[in-house]
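Student: To start, I am sharing the structure in question, which I have written as structure tokens.
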Amino acid sequence: MPAYNSAETISESIDSIFNGNFESGDEVIIVNDASTDRTEEKIIALQKKYPPIIYLKNKENRGCPATRNIGIHSAKNPLIFNLDADDVLAKKSVATLKEYLIAQNADISAFGESRFFTKSIKKITHKWVYKGGVITLADYLAGPYVPGGNLIYTKKSWKKIGGYWEYGKGLHEFWGFGLKQIAMGSKFVVLPDSYYFHRYGKPSLFVRESRDSQEGSRVTTKMIMDFIGLLREDDAKYIRSEEGKNWFDNISEKPIHVLSGELGITGYKVSLDPSGPFVKMLKKILPENLKTHLKRILKKT
């Protein structure tokens, strides 16, 4: 777990590991990336609460991808699970994901949903839902919603692809990691009906790094150029062109196609905010008995 100025959130993240996901023999490695707030104080307190925690510290701020690589390099176990210092796990979710990875003889696996929250995991505002089973390069480039975030994968596959790209502080690091895994032959699978909780709304790394509206496409262009030969010729030309300099930000309107001609299936977003436009629309068109059922679903989600 990379941790940079995570004092407000890291305790909830670590608690979600030890309360329902930790198994004997697991390593929980936290790497403090030269935080300037009370993150170190929180980690030391957590280490006293949970003795299996291994605490590493960078002398200077290296950025999230480099810090993640440092933690993984020190890990002794053959499987790696990532959890960010502001996200939260559902109980027993890691064991289920691990079992699926092994059963599928896969190299990397992701949860079927990312459930987004701001303050409490009991109040989910929206979620991203992904296609279950094997994720291909065509699926990965078919739209903006790709499985990622908190993944489980073999350390062998991490070594094979050269780890995470260490571009800047870490904008789109998980997107690039998934791209490398698939493009270099790893089997990437998604477990249906599974999820983790993704916090948003705070000044996260992604928010800080993406303030430059073109930075996302600049970084992802660096990443995809290593595999440009796997893309359809017209799309490869588009990405290289002035017109396509923001190709990644425009991928919803213009998906990227692979050379084989396979048509990919992207994920999709579902709004669960009771005040959101999607739910308001449903309330208008549903009969009264189904409106009551909708309220129950929103409370449970």
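Student: Taking the condition out of contact with any strand residue (DSSP E or B) (no Cβ under 7 Å at 6 or more places or on another chain) and surrounded by 15 or more Cβ atoms within 10 Å (Cβ to Cβ), does PRO65 pass? Steps first, answer last, please.
Tutor: Details: out of contact with any strand residue (DSSP E or B) (no Cβ under 7 Å at 6 or more places or on another chain): yes; surrounded by 15 or more Cβ atoms within 10 Å (Cβ to Cβ): yes.
Yes.
Student: Return the residue satisfying two criteria in turn: it lies in region 217-260 and is among the basic types (Lys, Arg) and over 18 Å from GLY143 (Cβ atoms), and of such residues it is farthest from the chain's Cα centre (by Cα).
Tutor: Filtering region 217-260 down to residues among the basic types (Lys, Arg) leaves 218, 222, 232, 237, 240, 245, 254.
Still in the running and over 18 Å from GLY143 (Cβ atoms): 218, 222, 237, 240, 245.
On the way: ARG218: 20, LYS222: 19, LYS237: 29, ARG240: 27, LYS245: 24 Å.
Within region 217-260, the match that is farthest from the chain's Cα centre (by Cα) is LYS237.
Student: Follow-up. Could you please let me know if ALA75 is more than 17 Å from the chain's Cα centre (by Cα) and under 30 Å from ALA34 (Cα atoms)?
Tutor: Working: more than 17 Å from the chain's Cα centre (by Cα): yes; under 30 Å from ALA34 (Cα atoms): yes.
Yes: the conditions hold for ALA75.
Student: Can you tell me which residue in region 29-51 is surrounded by the most Cβ atoms within 10 Å (Cβ to Cβ), limited to those that are in contact with a Phe, Trp or Tyr (Cβ under 7 Å, 6 or more places away or on another chain) and within 25 Å of TYR195 (Cβ to Cβ)?
Tutor: Step by step, filter region 29-51, then rank; the result is ILE30.
Student: Another question, if that's okay. Taking region 45-68 as the region of interest, how many residues are more than 15 Å from ILE17 (Cα to Cα) and not basic (Lys, Arg)?
Tutor: 11
Student: Out of everything in region 261-270 that is within 16 Å of ILE135 (Cβ to Cβ) and not acidic (Asp, Glu), what residue ends up being farthest from the chain's Cα centre (by Cα)? Quick ask: steps written out before the conclusion?
Tutor: Of the residues in region 261-270, the ones within 16 Å of ILE135 (Cβ to Cβ) are 262-268.
Adding the requirement that they be not acidic (Asp, Glu) leaves 263-268.
On the way: LEU263: 23, GLY264: 19, ILE265: 18, THR266: 15, GLY267: 13, TYR268: 15 Å.
Checking each candidate, the answer is LEU263.
Student: Based on what the data block shows, is ALA103 in the same structural domain as THR136 (by TED's automatic domain parsing), without any contact (Cβ under 8 Å) to a residue 60 or more places away in the chain and over 30 Å from ASP37 (Cα atoms)?
Tutor: On the way: in the same structural domain as THR136 (by TED's automatic domain parsing): yes; without any contact (Cβ under 8 Å) to a residue 60 or more places away in the chain: yes; over 30 Å from ASP37 (Cα atoms): yes.
Answer is yes for this residue.
Student: Looking only at region 99-122, which residues are touching a strand residue (DSSP E or B) at 6+ places or on another chain (Cβ under 6 Å) and surrounded by fewer than 17 Cβ atoms within 10 Å (Cβ to Cβ)?
Tutor: GLN104
Student: What strands (runs of 3 or more DSSP E) completely inside region 76-177 contain at least 1 residues that are under 27 Å from ASP249 (Cα atoms) and among the charged types (D, E, K, R)? Steps first, please.
Tutor: On the way: elements: 79-81, 108-117, 126-129, 151-154.
It comes to 108-117, 126-129.
Student: Right, here's the next one. Looking at region 53-62 only, could you name the residues that are in contact with a helix residue (DSSP H, G or I) (Cβ under 8 Å, 6 or more places away or on another chain) and surrounded by fewer than 20 Cβ atoms within 10 Å (Cβ to Cβ)?
Tutor: Filtering region 53-62 down to residues in contact with a helix residue (DSSP H, G or I) (Cβ under 8 Å, 6 or more places away or on another chain) leaves 53-58, 62.
Matches in region 53-62: ILE53, ILE54, TYR55, LEU56, LYS57, ASN58.
The values are calculated or read from the model by the stated rules, or taken from the named source; none is laboratory data. The structure displayed is predicted, hence computed values, not measured ones. Reconstructed Cβ throughout: ideal geometry from the backbone, glycine too, with neighbour counts over all protein chains shown.
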